[in-house]
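Have a look at the structure below before the remarks.
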There are 2 protein chains.
Amino acid sequence: MNRPAIFDALSEPVSRRITSGLSRIALVLRTQAWRGAEPEGVTPTQAQALTALREGGEGMRLAELAAQLGVSAPTMSVRVNALIAKGLVVREAGVDKRSIRLRLSPAGAELLERSARWPDFLARAVGVLDEREQEDLLRSLVKVIRTLQVEGDVAPQRMCVTCSHFRPFAHPDASLPHHCAYVDAPFGDRHLRLACPEHEDAPPPQQRAAWERFTEQAPGSAPGSAPA
Amino acid sequence: MNRPAIFDALSEPVSRRITSGLSRIALVLRTQAWRGAEPEGVTPTQAQALTALREGGEGMRLAELAAQLGVSAPTMSVRVNALIAKGLVVREAGVDKRSIRLRLSPAGAELLERSARWPDFLARAVGVLDEREQEDLLRSLVKVIRTLQVEGDVAPQRMCVTCSHFRPFAHPDASLPHHCAYVDAPFGDRHLRLACPEHEDAPPPQQRAAWERFTEQAPGSAPGSAPA
DNA sequence: CCCGGACAGATAGTAGTCCTAACGGTTGCT
DNA sequence: AGCAACCGTTAGGACTACTATCTGTCCGGG
């Protein structure tokens, strides 16, 4: 579809410029990290831990939480203790007396409720994209993150594409082609989730099959787009 | 185009899930930051400064560099001194004796040459997207970053869309609709740059006009997509 | 001419982040 | 019973980056 052009020779690969753009956004997220957290009296990483704790369901173990946030267990231990001292998290003994179960306290849940809008400066910027561009962007991000997960660069995510309830392209409707067996309803790319509380890891063969179906289909935005 | 569905009521807004995905990628970039930099004997932030120094052209001032990387001047001062001590950057007196001009040393340029492939783990993940998806993704990122810049959340970027040489949709060819007056050649969305050495800030009225043309056109991927 | 305000950058001092190494208590296998 | 594996914690050190403060330079006014 794209004809050769002078710029094809002049430019670095598209994928590299994309990573440069993603890095730029990562930079902004880092420098603006205190915006939402500080007014609530927590640090950005503490806020991050609270979010993970909510998304991961109740009774998370310490090591789980650490893996989810990509930090070492000692780091997470200190972080969690700070949150416990602030009364935002409670620690309970697990069945195994070595392990612990971490839960949000009511105060922690309420804090998350209040500050759930961060990072809305970025959400506003994303809002300049039209409906279709957002859907395409979300689908692309899902694909990239899933690949990072397979490569071991990031911990398993609670995403639709690895969920046992996910049935890609189960319906002919191009607008709502997928099916979620948990709520038993069709959905589209725009509904794809990255952190679903109802997520349940599918067995690897099912994951692979679903992934193949999901990626091999032409994107919903372009029914007959160039396979050649 | 998208019909109402159960999931429209169940899900948080698409823009919020997108920011969640972007945050996830930012997390990976942060945890993997030492991968490319450490083997070269520099820290990630030092590598970042070197990159900015190359992209920004020769003879950058300290404050400029600090703004580009979203850190305070003192922070950048310390960082630059470390790079000077390592012989990767040279400091020269500016015309104004208060200011300094920072340049990459040959050793610094050579180091960048060697480690320019970071973060290629992310570039590889982006590589699972097909050509068209990458083009769409790049265009969306450009739009988001440009918006962040207008909002003041990030320093001015050397992007095509703010460049005096940029002529959006100057050609009828849907594959190469834009024109770069600097190299005097047509180019497409897939050639859009985020850090062009030849960038020259266009005057605000021209920027606004170009931005309007650039965003109001239907994305190249969908000639007749929903204006309603 | 020189004096003060504005500016550019450098230097403390402090706080947050996060790692590796080493340590106690539990569990389960032999 | 003994020992290895496991879970979480504590200790120490490195990196990042902020605010406040300081030194030197430029420029305009008296």
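The values are calculated or read from the model by the stated rules, or taken from the named source; none is laboratory data. Remember, predicted model here, so these are calculated numbers, not experimental data. Here the Cβ is made from the backbone with ideal geometry for all residues, glycine too, and neighbour counts use every protein chain on show. The protein model used for the area step is the full one, side chains on, heavy atoms only, and it has no ligands, DNA or RNA in it. Shrake-Rupley method; radii C 1.70, N 1.55, O 1.52, S 1.80 Å.
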*asked:* Testing B:LEU137 on (1) facing chain A (nearest Cβ under 7 Å); (2) not in a helix (DSSP H, G or I), one condition comes back false. Which one is that?
replied: (2)
*Collect the residues in region B:7-39 that are buried (at least 19 other Cβ atoms within 10 Å of the Cβ), within 12 Å of DNA strand C (Cβ to nearest atom) and among the β-branched types (Val, Ile, Thr), keeping them in residue-number order.*
B:VAL28
*State whether the residues of region A:131-144 include one that is farther than 17 Å from A:GLY59 by Cβ and open to solvent by 60 Å² or more (accessible area, probe 1.4 Å).*
yes
*Sort out which residues of region B:40-60 are under 18 Å from the mean Cα position of the chain (by Cα), open to solvent by 40 Å² or more (accessible area, probe 1.4 Å) and within 12 Å of DNA strand D (Cβ to nearest atom), and write them in order of number.*
B:THR45, B:GLN48
_Quick check on my filter: what residues within region A:184-208 are closer than 23 Å to A:THR51 by Cβ and more than 20 Å from the chain's Cα centre (by Cα)?_
none
*Could you tell me whether any residue of region A:61-68 is more than 11 Å from DNA strand D (Cβ to nearest atom) and either surrounded by 14 or more Cβ atoms within 10 Å (Cβ to Cβ) or under 24 Å from A:THR162 (Cβ atoms) (or both)?*
yes
*A:GLY87 is checked against (1) open to solvent by 20 Å² or more (accessible area, probe 1.4 Å); (2) under 25 Å from A:GLU200 (Cβ atoms); (3) more than 12 Å from DNA strand C (Cβ to nearest atom); (4) not in a helix (DSSP H, G or I) and fails just one. What number does that condition carry?*
(2)
_Residue, surrounded by the fewest Cβ atoms within 10 Å (Cβ to Cβ), within region B:95-115, restricted to residues that are without any contact (Cβ under 8 Å) to a residue 40 or more places away in the chain, over 11 Å from B:LEU62 (Cα atoms) and touching a Gly at 6+ places or on another chain (Cβ under 9 Å)_ = B:ALA107
*When you go through A:HIS191, A:HIS165, A:HIS178, A:HIS171 one by one, which is the residue that is facing another protein chain (nearest Cβ under 7 Å) and more than 24 Å from B:ARG30 (Cβ to Cβ)?*
A:HIS191
*Would you pick out the residues in region A:140-162 that are β-branched (Val, Ile, Thr), touching a Phe, Trp or Tyr at 6+ places or on another chain (Cβ under 8 Å) and facing chain B (nearest Cβ under 8 Å)?*
none
*Do you know which residues across region A:134-165 are over 13 Å from A:ARG190 (Cα atoms) and either over 16 Å from the mean Cα position of the chain (by Cα) or free of Cβ contacts under 8 Å to residues at least 40 places away in the same chain (or both)?*
A:VAL144, A:THR147, A:LEU148, A:GLN149, A:VAL150, A:GLU151, A:GLY152, A:ASP153, A:GLN157, A:CYS163, A:SER164, A:HIS165
